[in-house]
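Beneath this line is the structure, given in structure tokens, with notes to follow.
The values are calculated or read from the model by the stated rules, or taken from the named source; none is laboratory data. Owing to the predicted nature of the structure, the values given are computational and were not obtained by experimental measurement. No Cβ is skipped: glycine too gets one built from the backbone with ideal geometry, and neighbour counts run over all protein chains shown.
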Amino acid sequence: MVGYRQQLHVKFSRMYPNLQITEPIVADQYREVERKISQVNSEIVLEDNDQINDTPQARPSTEAQMQDEQNDQNQEDNAELTDNSIRELRRVSLEYNDTNPLFRPQLPKMNPSKKLAVAIYISNTETWPEYELDARTLDSLHTLIYCCTLAAAIEMGAEIHTRRNISRTRRQPNTPQWERQLSKKIRALRVTTDGVS
């Protein structure tokens, strides 16, 4: 075994003369690499065996039937989502087609989810192609993208805030800190002078 380590170290030193590594380190690294390669090879063999054993004929018919029913249910749900998305896009595009972008509802932030991925996929494959040819200008393209996104957000159940129902309190114009401090001192002086007279 010691002769093997020396030969491996000499070979490594010839290949990488600028690296100064000891014999034990080279031997340990070599053994580790060999172990990982054998581990990967065994995993590949196991996966191949699993694929051979997992043919459709080998599965029980009840499992195949359950999977077919689940696929049918998913297709029905996707068809319903597609119809709802197209209907919602038509409604939203009629409502916001010729409006100023500054007066449209702000698009909500949405967290990534499987339902959102499905909604985006449906929007890209089913609803977008219907309206794509109508987007001849930058403004119409912007409106189309906005309407598709808003329709997907509504389908996801996101809360849409219009500009009208966002209640913002009117603040006084921003005055500099020094001016507010002077005004406060002046009010305090007026109170004290009113009490003197």
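The one condition from (1) modelled with pLDDT under 80; (2) under 26 Å from Glu80 (Cα atoms); (3) in a loop (DSSP other than H, G, I, E, B); (4) not hydroxyl-bearing (Ser, Thr, Tyr) that Leu133 does not meet is (3).
Each residue in segment 136-174 was checked for being of a type outside the set (Asp, Glu), surrounded by 10 or more Cβ atoms within 10 Å (Cβ to Cβ), over 19 Å from the mean Cα position of the chain (by Cα) and modelled with pLDDT of 75 or more, and 8 of them qualify. For segment 1-25, the set of residues classified as β-branched (Val, Ile, Thr) and at pLDDT below 85 consists of Val2 only.
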